[in-house]
Amino acid sequence: MAAEPIVVIRELTKSYLQGDLNVTALNGVSLDIQPGEFVVLMGPSGSGKSTLLHIIAGIDRPTSGSAMIQGINIANLNESQLADWRNQNVGFVFQSFNLIPVLTAAENVELPLLLTDLSSAERRKQVATALELVGLADRGHHRPDQMSGGQQQRVAIARALVTDPALIVADEPTGNLDAKSAGDVLAILQSLSRDAGKTVIMVTHDPKSAAYGSRSLHLEKGEITA
Amino acid sequence: MTIASFVVKNALRNRRRALLTVISVAISCGLLVTLLTLQRELTIPPESEAASLRIIARNKVSLAQPLPSKQLSIIEKIPGVVAVSPFTYFGGNFREETVTSFAQFAVDPVRFKNLIVEGRIADGNYDDFIADRTSCFVGADTMKRYGLKIGDRMRFSGTFYPVDLDLKIAAVFQGTVDDRGVFFHHKLLDELMGNPGTVGTWYIRVASAEISNDVIAKVNDAFANTSAEVRAETERAFQMGFISMLGNVKLLIGSVSTVVVFTLMLVTVSTMSMAVRERFRELAVLKALGFRRRELFSFILAESFGLALVGGALGIFGAWALWTGIDLQKLTNGFLLYFEVTPRIMATGGVVAVFLGIFSSISPSIAVARLSVVQGLKTLD
Ligand SMILES: Nc1ncnc2c1ncn2[C@@H]1O[C@H](COP(=O)(O)OP(=O)(O)OP(=O)(O)O)[C@@H](O)[C@H]1O
Ligand SMILES: [Mg+2]
């Protein structure tokens, strides 16, 4: 691998204080991810998959260790720098879609662009491109409750990629979907990494989903085992 | 889509709640404006400057007991007294009315002229009133209300006095605190009653406000230990005594207003925190997408501000339209005269609404500031 790794993680730990008990969610994780990889995180419930994903995506902070993304140690960014950084560099896909119910599909996709300097015409163009990429070009004016789960998750993917981020993180994106819709979503994520060169990190419980990835990592009790 | 349309969509997402918030703010602001207007209304009369120069002397026993006419020459000679006139409440009913909301007083027209200093003659000629023993001097509000003009006759049936009056309008006054009264010749009443030699009260004007207490004491002293002892007091005190049943009106209205404003706050604050709490997950998502606290604060502020302002505007202008549009004077039989919703009162209501908008966004903003994305994402919808 010639390129610089996009994600460099060293000795990352995260622990929570639950009452008097110290719960260790991540225990000295080190990891490199290359640009364009489709990394699948697997492991039993409570093994720290989501925690790792949240730290890489800049919505949670480690207790110790470092997470360098594109050469930036995100632990050094303050709240609002981190917010800007997320807006420009990370796309989020959640298990439960998390679309805003009062907005149409196109408006949901447009949301992260409201923070940019783009004109409304430019925003519209990017929204259209993103919706087309997920095969929902004709659904822009539908509200979430007028769409199936699979369609909603594809809208969420469009929202994640509309700002053209280098990194897309997805926490159990197919957890609420039937097999057919799950296949559609996974194929899109796969093509994002393979064809568009995005780095995709996905958490899943399903070995069949894991097959779409280019690399699988196994977490157990906060440590990478394979 | 713009940030503004996003805020509007958010504010209206739960239409019923938005509507209820707007309505409760509107009702409370309307009520507040009404209370402030009432408070102003009830405290206007004592604020007339000319009134503080006037003294009313009545029988010490009760207002209903008459005083002997011969007291006039004694009062007249008291130092500091500039003018004095008999002032007898007739209390008749106009035309076929069962309750007449304006008072009629029997006065001495020549002497009375020196008592009403703040008004002006709006129509007719005061000398005509002096000249004609069966004429009367009428307030502009009453003229307008009954569509009367100079030369018309006003008939009153006595309730207190067993006689009726038939008066010709000679002149009209305007610019006093209460432009409703009808004044007629005391001589006419004396004649009709068979010259009993009595008056209801004495209306006295003093040279300056500083000496009015002194004059009051002298008037009281002058008739001490006579068969008709008097009780003199300033017109202000007399009127306040009249509305003494309203007691601590100002305090009462003040505390009711405070309760209204406080309730209003509770309603809006709880609505806003409800609106934010049920949106925690979405706010966490927005944070993940790169929205900063500052932006989320402004969404919340804009939303609560918008709801409070729409409600406030509806309530304030609604109250204004209501109290301007209906004839309260008629409806309350003259108890409420002007009931004017002044710009100042409306501005007070507006300030309360603005304050409310800001205040109700404080606790949700704190909650959002504390909200971590990870925690927010874990909350179930
Ligand atoms: N806010 C928190 N407070 C205390 N403990 C926490 C908190 N968040 C996570 N944990 C603990 O950290 C550990 C890892 O949690 P994490 O959510 O990363 O697991 P996961 O692998 O994503 O599990 P799942 O497959 O069920 O989603 C768990 O033991 C969990 O109880
Ligand atoms: Mg998880």
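Derivation of every value follows stated rules applied to the coordinates shown; laboratory data play no part. If you're wondering where the values come from, they're calculated on a predicted model, not measured in any experiment. Methodologically, a virtual Cβ is constructed for each residue, glycine included, from the backbone with ideal geometry; neighbour enumeration extends over all protein chains shown.
If you plug each phi of the stretch A:116-127 into the Karplus form 6.51 cos²θ - 1.76 cosθ + 1.60 with θ = phi - 60°, what whole-Hz ³J(HN,Hα) values come out, in order, with x for Gly and Pro?
Listing the rounded values in order: 9, 8, 5, 6, 5, 5, 5, 4, 4, 5, 5, 4 Hz.
Pick out, from B:Gly306, B:Tyr338, B:Leu322, the residue whose Cα sits farthest towards the positive end of the charge dipole of the stretch B:260-381, with +1 on the Cβ of Lys and Arg and -1 on the Cβ of Asp and Glu.
Farthest along the dipole direction, towards plus: B:Gly306.
List, in order, the whole-Hz ³J(HN,Hα) value for each residue of the stretch B:177-186 obtained from phi through the Karplus relation with A = 6.51, B = -1.76, C = 1.60 and θ = phi - 60°; use x for Gly and Pro.
3J(HN,Hα) across the stretch B:177-186, in whole Hz: 5, 10, 8, 10, x, 10, 10, 9, 5, 5.
Taking the convex hull of the Cα atoms, report for the protein assembly as shown its projected area averaged over all directions, in nm².
Its average projected convex-hull area is 40.8 nm².
Counting helices only, and only those DSSP H runs with n ≥ 4, report the 222 nm mean residue ellipticity of chain B as the sum of -39,500 (n - 2.57) divided by its residues, in deg cm²/dmol to the nearest 500. Before the final figure, lay out each step's value.
Details: 15 runs with 196 residues, N = 381.
Rounded to the nearest 500, the figure is -16500 deg cm²/dmol.
With a 10 Å radius around each residue's Cβ, average the other Cβ atoms per peptide and rank B:222-230, B:278-286, B:350-358, highest first.
B:278-286, B:350-358, B:222-230
For the stretch B:96-220, calculate the relative contact order in percent as a whole number, restricting contacts to Cα pairs under 8 Å that are 6 or more residues apart.
Relative contact order, the stretch B:96-220: 33 percent.
With runs of 4+ DSSP H residues as the only contributors, calculate the mean residue ellipticity of chain A at 222 nm using -39,500 (n - 2.57) per run, divided by the residue total and rounded to the nearest 500.
-9500 deg cm²/dmol
What is the Rg over Rh value, at two decimals, for the stretch B:61-228, using alpha-carbon atoms and the Kirkwood definition of Rh? List each step's numbers first, then the result.
Numbers: Rg = 16.2 Å, Rh = 16.7 Å.
We get a ratio of 0.97 for the stretch B:61-228.
Enumerate the calculated ³J(HN,Hα) couplings along the stretch A:68-75 in order (Karplus 6.51 cos²θ - 1.76 cosθ + 1.60, θ = phi - 60°), each rounded to whole Hz, writing x wherever the residue is Gly or Pro.
Per residue, the Karplus-derived 3J(HN,Hα) values read 9, 10, 6, x, 9, 7, 5, 5 Hz.
Please report the antiparallel percentage of DSSP beta bridges with both residues in the protein assembly as shown, rounded to the nearest 5.
Among the beta bridges of the protein assembly as shown, antiparallel pairing accounts for roughly 65 percent.
Lysines within cross-link reach of B:Lys168: Cα-Cα under 19 Å, excluding same-chain residues under 8 positions apart?
Partners within reach: B:Lys113, B:Lys144, B:Lys149, B:Lys187.
If you count the DSSP beta bridges with both ends in chain A, what percent of them are antiparallel, to the nearest 5? It would help to have the intermediate numbers written out before the result.
Values: 19 of 36 bridges.
About 55 percent, rounded to the nearest 5.
Give the angle, between 0 and 90 degrees and rounded to the nearest 10, that separates the Cα long axis of helix A:149-161 from the longest principal axis of the Cα atoms of chain A.
Roughly 80 degrees between the two axes.
When the distances between all Cα atoms of the stretch A:71-198 are binned every 10 Å from zero, what whole-number percent does each bin get?
Values per bin, smallest distances first: 13, 44, 33, 9, 0.
Please report, for the Cα atoms of the stretch B:143-288, the Rg to one decimal and the Dmax as a whole number; what are they, in angstrom?
In order Rg, Dmax, the Cα atoms of the stretch B:143-288 give 29.0, 96 Å.
Remind me, relative contact order of chain B in percent, using alpha carbon pairs under 8 angstrom and six or more residues apart?
Computed value for chain B: 27 percent relative contact order.
Applying a 10 Å radius around every beta-carbon, put A:8-20, A:160-172, B:264-276 in order of their mean neighbour count, most first.
Result, highest mean first: A:160-172, B:264-276, A:8-20.
Kindly rank B:153-164, B:85-96, A:71-82, B:132-143 from highest to lowest mean number of other beta carbons found within 10 Å of each residue.
B:132-143, B:85-96, B:153-164, A:71-82
Would you mind counting up the charge near A:Pro165? Only other residues with Cβ under 14 Å from its Cβ, with Lys and Arg at +1 and Asp and Glu at -1.
Counting the neighbours of A:Pro165, the net charge comes to +1.
Which whole number gives the average, over all residues in A:213-224, of C-beta atoms from other chains lying within 10 Å of the residue C-beta? Display every interim value, and only then the final one.
Working: counts 0, 0, 0, 0, 0, 0, 0, 0, 0, 0, 0, 0.
Mean shielding by partner chains, rounded to a whole number: 0.
When you look at the Cβ of every residue in B:281-287, what mean number of other chain Cβ atoms sits within 10 Å?
The shielding value for this peptide is 5.
Provide, for q = 0.10, 0.14 Å⁻¹, the log10 of I(q)/I(0) from a solvent-free Debye sum over equal Cα point scatterers in chain A.
-0.44, -0.87
Averaging sequence separations of C-alpha pairs under 8 Å and six or more residues apart, then dividing by the length of chain A, give the relative contact order as a whole percent.
Computed value for chain A: 30 percent relative contact order.
Can I get the semi-axes of the stretch B:9-142's equivalent ellipsoid? Compute them from the C-alpha gyration tensor as square roots of 5 times the eigenvalues, in angstrom, largest first.
48, 19, 16
Search the structure for amide H atoms under 5 Å from the amide H of A:Lys198, placed 1.01 Å from N in the peptide plane, and list their residues when 5 or more places away or on another chain.
For A:Lys198, the qualifying residues are A:Ser193.
Counting just the Cα atoms, what span does chain B cover along each of its three principal axes? Round to the nearest Å and put the largest first.
The Cα atoms of chain B stretch 95, 44, 30 Å along their principal axes.
Using only atoms on other chains, find how many Cβ atoms lie within 10 Å of each Cβ of peptide B:289-299 and report the average.
So the per-residue partner count for this stretch is 5.
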